[in-house]
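Everything on this sheet refers to the single structure shown next.
Since every read-out is calculated from the coordinates, none of them should be taken as a lab result. Computed from a predicted model, the values in this text were never measured in an experiment. With ideal geometry, Cβ positions are generated from the backbone for all residues, glycine too; neighbour counts draw on all protein chains shown.
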Amino acid sequence: HGRKEVFSCRGILECVQFFRNRGHTDIIVFVPQFRREVPRSDCPITDQHILFELERENVLVWTPSRRINGRRIVCHDDRYILKTADEKDAVIVSNDEYRDLIKENPRYRILVNERLLMYSFVDGR
């Protein structure tokens with residue numbers, strides 16, 4: 001949706017709506033906390049208000065991040081994603097292949113092999 005040029009919140013909403021339209025109700029979206037900040041030219045984001053709407057609906061979970069000496073430190077949110085998917089027996093919607101984590105945890109390898117749903121957008125949908 002953002003074509004790897006911009007963080008597209010509209011794409012996240014499209015994904016949430018896709019699953020809602022199919023009757024799914026236990027949907028969790030993980031987003032690094034720095035995406036709450038005012039957008040900057042080096043880290044563009046569109047339709048940021050969508051994130052706050054999803055947060056109000058208890059769909060979005062912010063993963064920790066902070067600044068140290070002007071540098072952004074972002075936690076490895078992939079661990080949150082895989083751990084939650086494992087606990088909830090859930091599907092993971094991501095284009096990340098989690099190569100680093102499947103090497104360190106055999107359960108994650110099974111999880112990624114069996115429950116990773118990769119996606120693409122065509123004409124913004």
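Things to note:
- Tensor-based shape of region 80-125 (alpha-carbon gyration tensor, a/c under 1.5 rounded, otherwise prolate or oblate): prolate
- Per-residue extension of 0.36 nm, minus the Cα-Cα distance of ASP42 and TYR80, leaves a gain of 11.1 nm for this segment.
- Within the chain, longest stretch clear of exposed chymotrypsin sites (Phe, Trp or Tyr not before Pro) (DSSP loop, no more than 16 other Cβ within 10 Å): 1-118
- Under 5 Å between amide hydrogens, built in the peptide plane, is the criterion, and for THR63 it picks out VAL31, GLN33 among residues at least 5 positions away or on other chains.
- ³J(HN,Hα) computed for each position of region 89-96 - Karplus, 6.51 cos²θ - 1.76 cosθ + 1.60, integer Hz, glycine/proline x: 6, 9, 7, 10, 9, 6, 9, 6
- Shape of the chain, Cα gyration tensor, a/c cut at 1.5: oblate
- For the chain, built as a Gaussian network whose Cα springs stay under 10 Å, the top-fluctuating residue of LEU101, LEU60, LEU51: LEU101
- In order along region 38-47, the Karplus-derived 3J(HN,Hα) couplings, from 6.51 cos²θ - 1.76 cosθ + 1.60 at θ = phi - 60°, round to 4, x, 10, 5, 7, 8, x, 9, 10, 6 Hz, and Gly and Pro are given as x.
- Distance from the C-alpha centroid of region 89-125 to that of region 1-66: 18 Å, rounded to the whole angstrom.
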